[in-house]
Amino acid sequence: MRLSAIFIPIAAFVIAAIVSVFAARATVAVVEDRSVEAVQSALNEQNHDWANVLGDGLQVILEGEAASEVIRFRAISISGRMVDASRVIDNMTVTDLAAIAPPDFSVEILRNDSGVSLIGLIPASSDRDAIAAQISDISGEGLPVADLLETADYALPPSWDSAMDFALRALARLPRSKISVDPGAVEITAISESSEQKISLETELRRIVPSDVRMSLNISAPRPVISPFTVRFILEEDGAHFDACAVSAGVGEQTIMAAARAVGLTGSADCTHALGAPSRTWPVAVARSIAAVGELGGGTVTLSDADITLVAPQGTAQSLFDRVVGELENDLPDVFALEAILPVVPDASSEGPPQFTATRSPEGDVQLRGRLSDELLNTTAENYARARFGGSQINMGTRIVEGLPADWAVRVLTGIEALSMLSNGFVVVEPNSLAVRGNTGNEEASARISRLLIDKLGQTEQFEIDVTYVEQLDLVAGLPTPEECIAQIIGLSAERKITFEPGSATIDSAAQSLVDDIAEVLKLCAELRIEIAGYTDSQGREEMNQQLSQRRAEAVLVALLMRRVPTGSFSAIGYGEVDPIADNDTADGREANRRIEFRLITPEPIEEVLTALEEAEAEIEAVEEETGTTDEQN
């Protein structure tokens, strides 16, 4: 009895403990399942279904591969809101990120009268000090430079240095511009002061752009202000043409050209887009005036601002003249005033009218011939010609006569000024007419001469302009190409050579004239990338020869610089005794090998570089296959 009384409580206690353990485990399992379910559901709702939730008692274990540390942290935060954060165990991993791609390097440069600003991202390996020094030189003293560039430590993109170097060279030429630089590409937007400067800048930039850089160029020129605003249209038996044509808008040009073609104009007229039109109805007035010339069957119409002068052909019937002029007067816009002239056939004269001629030869010599009214006009004409033609030779063949028209002095001086706008040609001045004929390198010369004659002699004046544009005379279009420049230098050096005093880098006095001639050629060329290469014979030590050739090449570079040749893009390299062109065993051969050569530096096209790389890789692979060697074995 006594033992049973003891065992019964013990058994009851043991059974109670066992029941408690199972109950606790059941409770923990329920809590675990509910926690896992709650956390998993919350993660799935936030699009984190990549994460797996496991339970370990009261602990919640997160497993899975997060795309980034940020996403991993968000998963932990979401779990910590569903259960006690201390119960969350992080067993997640983060995906190994691939190598970060380099950023897009680009620079935007703005330049105006207030200074220069730069903004963008450049490689850390760029020579920022050199860029800053160039920008400071370009902006000038006293003008600020806002440097907002940032850097990133990545490898230089292909053609980045070429693009940046070209952008800075372009910036130096464009005081009002925006230049965007990307690897291998430069976009330029700029404003020039005139159409001539626009053409000059476009030509020069296209010549100096590297072959591995794509250039987008947009240079605008302000429309010139023309006063008087002038159109002069002539219809003759051999066809119709404009001596001058000024328009204020593209639509206006179309209106004028349509009217001119309707009466016989062929080809284009190249009207000048300009400011200064007296009225918005200018194109209408021009078109109706041209139509009137067509109805008359010929003649000349001149519009100078709001004044219109219509000159009918000699022999036009009075009735036809009156009808056409009357219709034109009624059709013209209100601001325009018309003066119509029906010339009278002049009486025959045995001696002909008095005449003055001025001639300019292709070599630049000027001859003045004909009649002048007095000694004062003779002296004035000679001095005026010397002023207009600079250092040209002026040959006088004039004579003083009486009875010349009162405006003869004005007509003579105007003719001389018109001739100064031609490269070569002549001017014939008579009492009732003035003729200008010749060649020019300025496409707008004809229009400028026409405006000059109208301004000085009046709209009713009869004059004839026959000026031919010759591209070879154009100072811009006629500039030699880089290849032509080098060819000219080689031609100059064919029979002469740049020589030096024995054993030194001092240019011999006999070679100074050749250096002068080479400098004159280089001044006519756009900025070139030229290598000045120095060579010696094989006498002496190789190292000493290389150093001497280097000093001689640098001496030529300095000599050109002293002659005001822009040598910023030149390089001087001494090659010593390598690449002989003659036998070093003879005196003549050694003399030939001591030389200076000029070479045009042309960047190797990117396609050729890629081809060379591909060929090199193919050769390496072939060697590895033959030897059985691979990168892994190495």
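No value in this document is a laboratory result; all are computed from the given coordinates. A quick note: this is a predicted structure, and the numbers were derived from the prediction, not measured. Neighbour counts are summed over all protein chains in view; Cβ atoms, including those assigned to glycine, are modelled from backbone coordinates with ideal geometry.
Results, tabulated for the structure shown:
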{"read-out": "Note, ³J(HN,Hα) from phi for the stretch 418-425, Karplus 6.51, -1.76, 1.60, rounded to Hz, x at Gly and Pro", "value": "5, 5, 5, 7, 10, 6, 7, x"}
{"read-out": "The stretch 106-220, dipole about Cα centre (Lys/Arg Cβ +1, Asp/Glu Cβ -1), debye to the nearest 20", "value": "380"}
{"read-out": "Placed amide H near Leu275: partners under 5 Å, 5+ positions off or other chain", "value": "Val225, Ile226"}
{"read-out": "The chain, dipole about Cα centre (Lys/Arg Cβ +1, Asp/Glu Cβ -1), debye to the nearest 20", "value": "2180"}
{"read-out": "Euclidean distance between Cα centres, the stretch 47-99 to the stretch 115-178, Å", "value": "48"}
{"read-out": "For the stretch 106-220, projected area of the alpha-carbon convex hull averaged over all directions, nm²", "value": "6.6"}
{"read-out": "Residue (of Val107, Ala533, Val209) at the positive-pole extreme of the chain, dipole from beta-carbon charges", "value": "Val107"}
{"read-out": "Inter-label distance for Arg128 and Val401, nm, one decimal - labels placed 7 Å from Cα along Cα-to-Cβ", "value": "8.0"}
{"read-out": "Relative contact order %, the chain, counting alpha carbon pairs below 8 Å whose residues are six or more apart", "value": "7"}
{"read-out": "Using θ = phi - 60° and Karplus 6.51 cos²θ - 1.76 cosθ + 1.60, couplings along the stretch 398-413 (whole Hz; Gly, Pro as x)", "value": "9, 9, 8, 9, 9, x, 7, x, 5, 8, 4, 4, 5, 5, 5, 5"}
{"read-out": "The stretch 328-471: relative contact order as a whole-number percent, Cα under 8 Å and 6+ apart", "value": "21"}
{"read-out": "Which of Ser433, Ser450 has the fewest Cβ neighbours within 10 Å, and the rest in rising order", "value": "Ser433, Ser450"}
{"read-out": "Extension gain (nm, one decimal) between Gln472 and Thr281, 0.36 nm per residue minus Cα-Cα", "value": "64.9 nm"}
{"read-out": "Per-pair calculated FRET efficiency, R0 = 51 Å: Ala152 and Asp365 via Cβ, rounded to 0.05", "value": "0.20"}
{"read-out": "Antiparallel %, DSSP beta bridges [both residues in the stretch 65-149], to 5", "value": "50"}
{"read-out": "Stretchable slack from Gln318 to Arg386, in nm (0.36 nm times residue separation minus alpha-carbon distance)", "value": "19.8 nm"}
{"read-out": "Residues of type lysines that Lys497 reaches as a straight line, Cα spacing below 29 Å, ignoring anything fewer than 8 places off in the same chain", "value": "Lys523"}
{"read-out": "Fewest-first sequence of Asp517, Asp334 by Cβ atoms within 10 Å of each Cβ", "value": "Asp334, Asp517"}
{"read-out": "P(r) weight above 21 Å for the stretch 25-94, C-alpha pairs, percent", "value": "16"}
{"read-out": "Label-point separation, Ser211 to Ser509 (7 Å along Cα→Cβ), nm", "value": "4.4"}
{"read-out": "Cα shape, the stretch 356-473, gyration tensor, a/c 1.5 rule", "value": "oblate"}
{"read-out": "Sorted by Cβ neighbour density within 10 Å, fewest at the top, the residues Ser211, Ser268", "value": "Ser268, Ser211"}
{"read-out": "Geometric extent, Cα atoms of the stretch 171-278 - Rg, Dmax (angstrom)", "value": "18.7, 59"}
{"read-out": "Distance between the stretch 409-437 and the stretch 283-332 - C-alpha centres, whole angstrom", "value": "26"}
{"read-out": "Hull shadow area, averaged, the stretch 510-555 [alpha-carbon convex hull, nm²]", "value": "4.1"}
{"read-out": "Distant-in-sequence amide H partners of Gly576 (H built 1.01 Å from N, under 5 Å)", "value": "Thr536, Ser549, Gln550"}
{"read-out": "Under the Karplus curve 6.51 cos²θ - 1.76 cosθ + 1.60, θ = phi - 60°, whole-Hz ³J(HN,Hα) for the stretch 260-267, x wherever Gly or Pro sits", "value": "5, 5, 5, 10, x, 6, 10, x"}
{"read-out": "Computed [θ] at 222 nm, deg cm²/dmol, the chain (DSSP H ≥ 4; -39,500 (n - 2.57); rounded to nearest 500)", "value": "-13500 deg cm²/dmol"}
{"read-out": "Stretchable slack from Asp56 to Met544, in nm (0.36 nm times residue separation minus alpha-carbon distance)", "value": "167.3 nm"}
{"read-out": "Inter-site label distance for Arg261 and Leu524 at 7 Å from Cα along Cβ, in nm", "value": "4.0"}
{"read-out": "Alpha-carbon gyration tensor eigenvalues x 5, square-rooted, for the chain, Å", "value": "84, 45, 19"}
{"read-out": "Amide H partners (placed H, <5 Å) of Thr151, local residues excluded", "value": "Ile122"}
{"read-out": "Alpha carbon convex hull of the stretch 482-600, projected area averaged over orientations, nm²", "value": "6.7"}
{"read-out": "Proximal lysines relative to Lys456, as straight alpha-carbon distance under 30 Å, when same-chain residues fewer than 8 apart are discounted", "value": "Lys198"}
